[in-house]
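Beneath this line is the structure, given in structure tokens, with notes to follow.
Values quoted throughout were computed directly from the atomic coordinates according to the rules given, and no laboratory measurement underlies them. The model shown is predicted, which means the values in this text are computed figures rather than measured ones. Ideal geometry is used to build each Cβ from the backbone, glycine not excepted, and the neighbour counts take in all protein chains shown.
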2 protein chains.
Amino acid sequence: MPETAEAATETAGLLPEPTRAEMRLEQVLSALSDPLRLGIVHAYLRDAGGEERACGWFKIDRPKSTRTHHWKVLREAGVVRQRQVGLERRNTVREADLDARFPGLLDLVRAWDPDAA
Amino acid sequence: MPETAEAATETAGLLPEPTRAEMRLEQVLSALSDPLRLGIVHAYLRDAGGEERACGWFKIDRPKSTRTHHWKVLREAGVVRQRQVGLERRNTVREADLDARFPGLLDLVRAWDPDAA
């Protein structure tokens, strides 16, 4: 049980995710190997300022079921954290965890040019 | 046309591959997201000393058609170079190209622990 009100707020509504130690390189690479998912992480790193962002912020022009699938793949690989707040899911990229486990990987995502595809 | 005998030898039998500029991050990540393919690159980086290695050197316990498929995925992403010499295909990991385009990526492959899967 969270010991402080702040910790309780931070973990409230967290969707299932691997711990830092449970992350697997092949799974993270697979999650990032799709251009739409790579674009989500790229946009977050570029423009989100490390804040939680609702799914709508990412402006993904795909059916809801498709979007939900892609978010799930990212979350289950450990790339993003999702928190359910009412009807909204709020997302962050797990930068500290990824930098600790796979140093340099997020730099490659930052340097990625979506328009060169 | 190669201008020297040495250049002719180096390019003889090269199978189709992207140029360094044509490599795409998402395609490279996809190629590396399979444990068998990640294992091929990991083994090469650890034990091949930068030399050409025949497919048999990698001791992959899968049907030939499966092995051929995985090599093709790696080659078409630009991760490996394959040269046909008689009946044999000789393979190298394109370390210089990958380091230039995606710095740090091969360090993650080197650090990967296949037994933790």
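Please report which chain B residue places its beta carbon nearest the axis carrying chain B onto chain A, with the distance rounded to a whole angstrom.
B:GLY104, 2
Assuming R0 = 30 Å, what is the FRET efficiency of B:ASP113 and A:ASP107, from their Cβ-Cβ distance, to the nearest 0.05?
Working: r = 22 Å, r/R0 = 0.73.
The pair B:ASP113/A:ASP107 has a calculated efficiency of 0.85.
Can you sort A:TRP112, B:TRP57 from fewest to most other Cβ atoms within 10 Å of each residue's own Cβ?
On the way: A:TRP112 22, B:TRP57 15.
So the ranking, lowest neighbour count to highest, is B:TRP57, A:TRP112.
Got the A:GLU76 label distances to the other copies yet, label 7 Å along Cα→Cβ, in nm, shortest first?
2.5
Can you tell me how the range A:56-117 classifies by the Cα gyration tensor, rounded, prolate or oblate, using a/c under 1.5 as the rounded cut? Could the numbers behind the result be given before it?
Numbers: a/c = 2.27, a/b = 1.28, b/c = 1.77.
Judged from the Cα gyration tensor, the range A:56-117 comes out oblate (a/c at least 1.5, b/c at or above a/b).
Between 0 and 90 degrees, rounded to the nearest ten: what's the tilt of helix B:64-77 against the longest Cα principal axis of chain B?
Rounded to the nearest ten degrees, it is 80.
Hey, what number do you get for chain A at 222 nm if only DSSP H runs of n ≥ 4 count, each worth -39500 (n - 2.57), divided across all residues, to the nearest 500? Provide the component values of the computation, followed by the final result.
Values: 6 runs with 56 residues, N = 117.
So the helix-based figure for chain A works out to -13500 deg cm²/dmol.
To the nearest 0.05, how large is the calculated FRET efficiency for A:THR68 and A:ALA21 if R₀ is 25 Å and r is the Cβ-Cβ distance?
Numbers: r = 27 Å, r/R0 = 1.07.
For R0 = 25 Å, the calculated efficiency reads 0.40.
Spin-label point model (7 Å from Cα, Cβ direction): what's the A:GLU95 to B:ASP99 distance in nm?
For the pair A:GLU95/B:ASP99, the computed spacing is 2.9 nm.
Per residue of the range B:49-62, what does 6.51 cos²θ - 1.76 cosθ + 1.60 with θ = phi - 60° give for ³J(HN,Hα)? Whole Hz please, x for Gly and Pro, Karplus curve as stated.
x, x, 8, 5, 10, 5, 4, x, 4, 7, 6, 8, 8, 9
Using a Gaussian network model on chain A with a 10 Å cutoff between Cα atoms, which of A:GLU88, A:GLU17, A:GLU76 fluctuates the most?
A:GLU88
Taking a point 7 Å out from Cα toward Cβ as the label site, list the nm distances between A:THR19 and the same residue in every other copy, smallest first.
Taking the point 7 Å beyond Cα along Cα→Cβ, the inter-copy spacings are 4.9 nm.
Expressed in nm to one decimal, what extension gain is obtained for the pair A:GLU51 and A:THR11 from 0.36 nm per residue of sequence separation less their Cα-Cα distance?
Between A:GLU51 and A:THR11, full extension yields 12.9 nm more.
Tell me which lysines have Cα within less than 24 Å of B:LYS59's Cα, excluding those fewer than 8 residues away on the same chain?
B:LYS72
What's the average, rounded to a whole number, of partner chain beta-carbon atoms within 10 Å of each residue's beta-carbon in B:20-31? Mind dumping the intermediate values first?
Details: counts 0, 1, 1, 0, 6, 13, 11, 3, 3, 12, 6, 2.
Mean shielding by partner chains, rounded to a whole number: 5.
In nm, what does the list of distances from A:LEU87 to its counterparts in the other copies look like, shortest first, when each label sits 7 Å along Cα to Cβ?
Reported distances to equivalent positions: 6.7 nm.
Just to be sure I understand: with springs between alpha-carbon atoms less than 10 Å apart, which residue in B:PRO63, B:PRO18, B:PRO35 has the highest mean-square fluctuation in the Gaussian network model of chain B?
The residue that fluctuates most here is B:PRO63.
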